[in-house]
Amino acid sequence: MYIKSIDMLSLTEENYLKTIFSLSYPNDTVVGTNEIAKSLTVNPASVTDMLKKLYHKEMIDYIKYQGVKLTKIGKDKAIDIVRKHRIWEYFLVDKLNFSWDEVHDIAEQLEHIDSPLLITRLYDFLGNPPFDPHGEPIPNEAGVLTEISENINLESCLKQQKIKVTKIIDDSATLLQYLTKIHIGLGSVIEILEVNDYDKSMEVIINNEKNIILSWEITKKIYGIYC
């Protein structure tokens, strides 16, 4: 993936680019200052200051009264960071036996290593995996992310439907630890028994053996394919 030569970015600037990309993916939507502040748990004034720096480095464009979008070089850089992060996560789980809830913070540090050759060789060593341990697509060397086209959000499922889990879109340790505790992971089968009209919570059966109530906050973060 070609990335235009630019001024050196700080680790914080790289994290902002990755956050903007994540918030705008997959439809390349405009991202507001408050969205970024909430995602990074910083105040909006700090976000505004950082966005000015990224604008001067041609990483973002301002959309009047709406927010920001990544430029071509900004998006290329963000995808490069995402690619490194997800490859490192896969390596940590597949080769070093970390659990899926332990790898995010470590990968956050490793993603800033600036060695394209290292990442290329690591990716090849791992067998060019298409997805990270949470089911998120790993961009290939051309920066292309290939999603599972049949993916549907558990939140949108109806009573008596059944899905096999393919992706979790929140890699926070507390959520992943909870999902592990109730035996939900990639490949798990979830059958919907009831949907609560009041709060959108679901009563489900997990892997044909465990009944549990899942909140809407959880169901909206789980994706799968019908089975």
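The values are calculated or read from the model by the stated rules, or taken from the named source; none is laboratory data. It should be emphasised that the depicted structure is a prediction, and the values quoted were computed from it without experimental measurement. Neighbour counts run over all protein chains shown; Cβ positions are idealised from the backbone, glycine included. Calculation scope for accessible area: heavy atoms of the full protein, side chains included, ligands and nucleic acids excluded. Shrake-Rupley method; radii C 1.70, N 1.55, O 1.52, S 1.80 Å.
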Single unsatisfied condition, PRO139 versus (1) outside any helix (DSSP H, G or I); (2) open to solvent by 20 Å² or more (accessible area, probe 1.4 Å); (3) in contact with a Leu (Cβ under 9 Å, 6 or more places away or on another chain); (4) more than 18 Å from ILE225 (Cβ to Cβ): (2)
Residue among ILE119, ILE106 that alone is in contact (Cβ under 8 Å) with a residue 24 or more places away in the chain and hydrophobic (A, V, I, L, M, F, W, C): ILE119
Residue among ASP49, ASP61 that is free of Cβ contacts under 8 Å to residues at least 40 places away in the same chain, open to solvent by 60 Å² or more (accessible area, probe 1.4 Å), in a helix (DSSP H, G or I) and of a type outside the set (Val, Ile, Thr): ASP49
Leading residue by the ranking (nearest to ILE192 (Cα to Cα)) among those in the stretch 152-168 that are of a type outside the set (A, V, I, L, M) and open to solvent by less than 30 Å² (accessible area, probe 1.4 Å): CYS157
Pairs where the first residue, in the stretch 10-38, is under 10 Å from LYS69 (Cα atoms) and the second is of a type in the set (Gly, Ala, Ser) and not in a helix (DSSP H, G or I), C-beta under 8 Å, 6+ apart: VAL30/GLY67; VAL31/GLY67; GLY32/GLY67
Subset of the stretch 92-119 [buried (at least 22 other Cβ atoms within 10 Å of the Cβ) and over 27 Å from GLU58 (Cα atoms)]: TRP100, VAL103
Complete set of residues in the stretch 119-140 that are of a type in the set (Asp, Glu) and within 18 Å of the chain's Cα centre (by Cα): ASP132, GLU136
